[in-house]
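Structure first, commentary second.
FYI, it's all coordinate maths here, none of it is from the lab. Predicted, not measured: the structure shown is a model, and the values here were computed from it. With ideal geometry, Cβ positions are generated from the backbone for all residues, glycine too; neighbour counts draw on all protein chains shown.
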């Protein structure tokens, strides 16, 4: 992938992070698939998006994108989990984030020539891969957090955890 085109997209995302976050917030605030965001204060939701957007470059500037995605998105997942955002809504908010990032870059005419358009497709493929990693890591992190929370509750009740039956390796 051409570094210049990727950098152009990333720079647009970083430079316009506030605008992208605001557009994303407007969407999640009214979207029927994200009701948890409907009553969330605007600044709180936008901070969640800005935290993500400000770290996005790291995913493109690494030789180990999954490892970097794991670090970034496990923090993202913990933050969402601690705010009691249900997993389906956390994932859908990521889908909307990807959409808003890409549409914003496209709307800003970041990719004007035919060659830039071809590189844009490569950048979009990379973005899709990063978001695939993101969704996977968020799901894994939620799974661990939920499992740990339930195991702690069972310990408090002095009852053996059911995870040895429900999840392979659970309760070991």
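Label-point separation (nm) for residue 126 and residue 58, each offset 7 Å from Cα along Cα-to-Cβ?
1.7
Using the 2.2 N^0.38 Å rule of thumb for compact globular proteins, work out how segment 16-83 stacks up: its C-alpha Rg over that value, please.
Dividing the Cα radius of gyration by 2.2 N^0.38 Å gives 1.20.
Separation between the residue 67 and residue 26 pseudo-spin-labels, each 7 Å from Cα along Cα→Cβ, expressed in nm?
It is 4.1 nm.
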